[in-house]
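Shown next, in structure tokens, is the structure this report addresses.
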Amino acid sequence: MRILCCFILLVLSTVARADLTQVGEGTARWGVFKIYDAAFFTEANLTVQQALADNTPARLELCYARALSVENFIEGAKLGLPPVVSVELEQAVQRLHAAYQPVKQGDCYHLDYQPGQGTRLLLNGQTLVQITTPGFKALYFGIWLGERPLAQGLKRDLLSELKPE
């Protein structure tokens, strides 16, 4: 019975993600060094604002070309996050940061958001943490896709197939 339940959940989660479309991809570099390849998936024919809304599924995939430490991820996130957020969102950010693990070349992190389920951080397909705090999706995906992205060029590439605002 337990195996059947797990199979049903797997099928349902796959079906829930079946309507996601890749709307952009790009490469993050530090100087001449390639850091990671990124791809953004959401529903087709949306604006950026709609793609970041809590009622829209989305997935951001980051596959690394080199090893990075937990500190590298946290430092990078701080550059893209607003300086002041609510206590609830700050606690959610801290939970996600506590779940980070170092990566080696070839590892992939996914931020996967499903309405009603929240944002999951996965490393190589394994869920590390799930955050259900309202507004967290827009806040954390905003590191790459928001008002103050880590790299404007990467943001442009990741959003290339979304409708203009």
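If the condition is being within 14 Å of residue 136 (Cα to Cα), in a loop (DSSP other than H, G, I, E, B) and of a type in the set (D, E, K, R), then region 40-66 contributes only 54.
Scanning region 125-154 for residues that are without any contact (Cβ under 8 Å) to a residue 60 or more places away in the chain, of a type outside the set (Phe, Trp, Tyr) and surrounded by 13 or more Cβ atoms within 10 Å (Cβ to Cβ) yields 128, 129, 130, 131, 133, 139.
Listed by first and then second residue, the pairs linking a residue in region 28-46 that is over 18 Å from residue 108 (Cβ atoms) and modelled with pLDDT of 95 or more to a residue that is of a type in the set (Asp, Glu) and surrounded by fewer than 19 Cβ atoms within 10 Å (Cβ to Cβ), with Cβ atoms under 8 Å apart and 6 or more places separating them unless they lie on different chains, are 43/19. Within region 87-131, the residues that satisfy the criterion of being among the polar types (S, T, N, Q), more than 14 Å from residue 58 (Cα to Cα) and either at pLDDT below 95 or not in a strand (DSSP E or B) (or both) are 91, 94, 101, 105, 124. Applying the condition of being under 15 Å from the mean Cα position of the chain (by Cα) and surrounded by 19 or more Cβ atoms within 10 Å (Cβ to Cβ) to region 88-109 and asking which residue is nearest to residue 20 (Cα to Cα) yields 109.
Only one of 97, 110 is without any contact (Cβ under 8 Å) to a residue 40 or more places away in the chain and of a type outside the set (A, V, I, L, M). Can you tell me which? Outline the logic, then answer.
Details: 110 fails: without any contact (Cβ under 8 Å) to a residue 40 or more places away in the chain.
Going through 97, 110 in turn, just one is without any contact (Cβ under 8 Å) to a residue 40 or more places away in the chain and of a type outside the set (A, V, I, L, M): 97.
Being out of contact with any Leu (no Cβ under 9 Å at 6 or more places or on another chain), surrounded by fewer than 19 Cβ atoms within 10 Å (Cβ to Cβ) and not in a helix (DSSP H, G or I) is a property that residue 37 lacks. Select from region 67-86 the residues that are among the small types (Gly, Ala, Ser) and either part of a helix (DSSP H, G or I) or touching a Leu at 6+ places or on another chain (Cβ under 6 Å) (or both) and list them in ascending order. Listed by number, the residues that qualify are 76, 77, 80.
On the given criteria, is residue 140 part of a strand (DSSP E or B), among the aromatic types (Phe, Trp, Tyr) and under 18 Å from residue 40 (Cβ atoms)? No; evaluated as a whole, the condition is false for this residue.
The values are calculated or read from the model by the stated rules, or taken from the named source; none is laboratory data. These numbers were taken from a predicted model, which means no experiment stands behind them. All Cβ positions, even for glycine, are placed from backbone atoms using ideal geometry, and neighbour counts span all protein chains on display.
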